[in-house]
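In what follows, a single structure is set out as structure tokens and then discussed.
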Amino acid sequence: LVAPAVILMLPRRLLPKALILIAVASALARGIYFYTHHDNLYAPDVVTPLRLDGLCVGGLIALAWRSQKAWSILSQYRRGLLVLMICLMAIIPFYTWTLRSPIAHDVLYYFGHTYLALLYGTVLLNILLGPGSRGVTILRMKQLTYTGAISYSLYLFHIPFKGVFFSLTGHGEQFYSLTDGAVLLAALFATFAFCAILYRYVELPAQNLGRTI
């Protein structure tokens, strides 16, 4: 809600610096908050001022996309960005392992969220910079791009759908049997179907309306 006002009021030349400053401040604030409130595992994950680094990375990419000069510079470093993406993706197994370890929350709140923002940002940049490149062909699959279109709805509704489907089975959320796997699969399909309908009849018309205003 605040971002459009910031973009509107700040001169375009100051926006990149402001976004970088906000991203760094937010990441530092998240780490400091978790360090001083180690028993609160919820706030660093959901409180907006502590999660602005991902939003700022997206904002920087959007600014670069709209600037011919910036996009030209990024194009010159396309190979380097591809290597960076591969390096960040190579960390995924180790990062996933740490999230199942006793230091999971330390990893997540001190640098994990920032790592994910940079990972997704470099993936997006490589997709945009190399539309015909073999290295990102798989990332441009229709199935993935459509999932990206409904991804925010999936993020919002996958947990409620999972909870409803498991409650219908009469036991808590778990994955210990083939029945539990079937319940998870049914919840997944239901979530995708609901989000596809929501995108078709709510989100897409709203986006089209926004482009006309």
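The values are calculated or read from the model by the stated rules, or taken from the named source; none is laboratory data. Source: prediction; values computed, not measured. Methodologically, a virtual Cβ is constructed for each residue, glycine included, from the backbone with ideal geometry; neighbour enumeration extends over all protein chains shown. Note: areas computed on protein heavy atoms with side chains; ligands, DNA, RNA excluded. Shrake-Rupley method; radii C 1.70, N 1.55, O 1.52, S 1.80 Å.
Residues in the stretch 143-178 that are open to solvent by 60 Å² or more (accessible area, probe 1.4 Å) and either aliphatic (A, V, I, L, M) or on the phi > 0 side of the Ramachandran plot (or both): Leu144, Leu156, Ile159, Val164, Leu168, Gly170, Leu178.
Of all residues in the stretch 179-213 being over 18 Å from Gly148 (Cβ atoms) and of a type in the set (Val, Ile, Thr), which is surrounded by the most Cβ atoms within 10 Å (Cβ to Cβ)? If we take residues in the stretch 179-213 being over 18 Å from Gly148 (Cβ atoms) and of a type in the set (Val, Ile, Thr), then Val183 is surrounded by the most Cβ atoms within 10 Å (Cβ to Cβ). If you check Ala117, Ala70 for being more than 28 Å from Leu41 (Cβ to Cβ), of a type in the set (A, V, I, L, M, F, W, C) and part of a helix (DSSP H, G or I), only one passes: Ala70. Residues of the stretch 41-53 that are farther than 14 Å from Ala18 by Cα and in contact (Cβ under 8 Å) with a residue 40 or more places away in the chain: Leu41, Pro44, Asp45, Arg51.
Contact map, the stretch 161-182: first residue over 20 Å from Phe194 (Cβ atoms), second residue modelled with pLDDT under 85 and open to solvent by 80 Å² or more (accessible area, probe 1.4 Å), Cβ cut-off under 7 Å, separation 6 or more or different chains; pairs are Gly181/Phe175. When each of Tyr42, Tyr33 is tested for being modelled with pLDDT of 95 or more, farther than 17 Å from Leu119 by Cβ and either out of contact with any strand residue (DSSP E or B) (no Cβ under 8 Å at 6 or more places or on another chain) or open to solvent by 70 Å² or more (accessible area, probe 1.4 Å) (or both), the lone residue that passes is Tyr33. The conditions of being in contact with a Ser or Thr (Cβ under 8 Å, 6 or more places away or on another chain), hydrophobic (A, V, I, L, M, F, W, C), assigned to a helix (DSSP H, G or I) and in contact (Cβ under 8 Å) with a residue 40 or more places away in the chain are met by Leu198. Does the stretch 34-44 contain any residue that is within 14 Å of the chain's Cα centre (by Cα), part of a helix (DSSP H, G or I), among the hydrophobic types (A, V, I, L, M, F, W, C) and under 28 Å from Pro4 (Cβ atoms)? No; the residues of the stretch 34-44 include none that is within 14 Å of the chain's Cα centre (by Cα), part of a helix (DSSP H, G or I), among the hydrophobic types (A, V, I, L, M, F, W, C) and under 28 Å from Pro4 (Cβ atoms).
Restricting attention to the stretch 102-122 and to residues that are among the hydroxyl-bearing types (Ser, Thr, Tyr) and open to solvent by 20 Å² or more (accessible area, probe 1.4 Å), the residue that is nearest to Asp39 (Cα to Cα) turns out to be Tyr110.
For every residue, the table says whether it meets (1) over 30 Å from Gln68 (Cα atoms); (2) not in a helix (DSSP H, G or I).
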| position | (1), (2) |
| --- | --- |
| Leu124 | no, no |
| Leu139 | no, no |
| Phe157 | yes, no |
| Phe165 | yes, no |
| Tyr176 | yes, yes |
| Phe189 | yes, no |
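Taking the numbered list (1) more than 20 Å from Asp45 (Cβ to Cβ); (2) surrounded by 16 or more Cβ atoms within 10 Å (Cβ to Cβ); (3) without any contact (Cβ under 8 Å) to a residue 60 or more places away in the chain in turn, Leu125 passes all entries but (3).
The number of residues in the stretch 73-93 that are open to solvent by 60 Å² or more (accessible area, probe 1.4 Å) and either closer than 16 Å to Ile20 by Cα or part of a helix (DSSP H, G or I) (or both) comes to 12.
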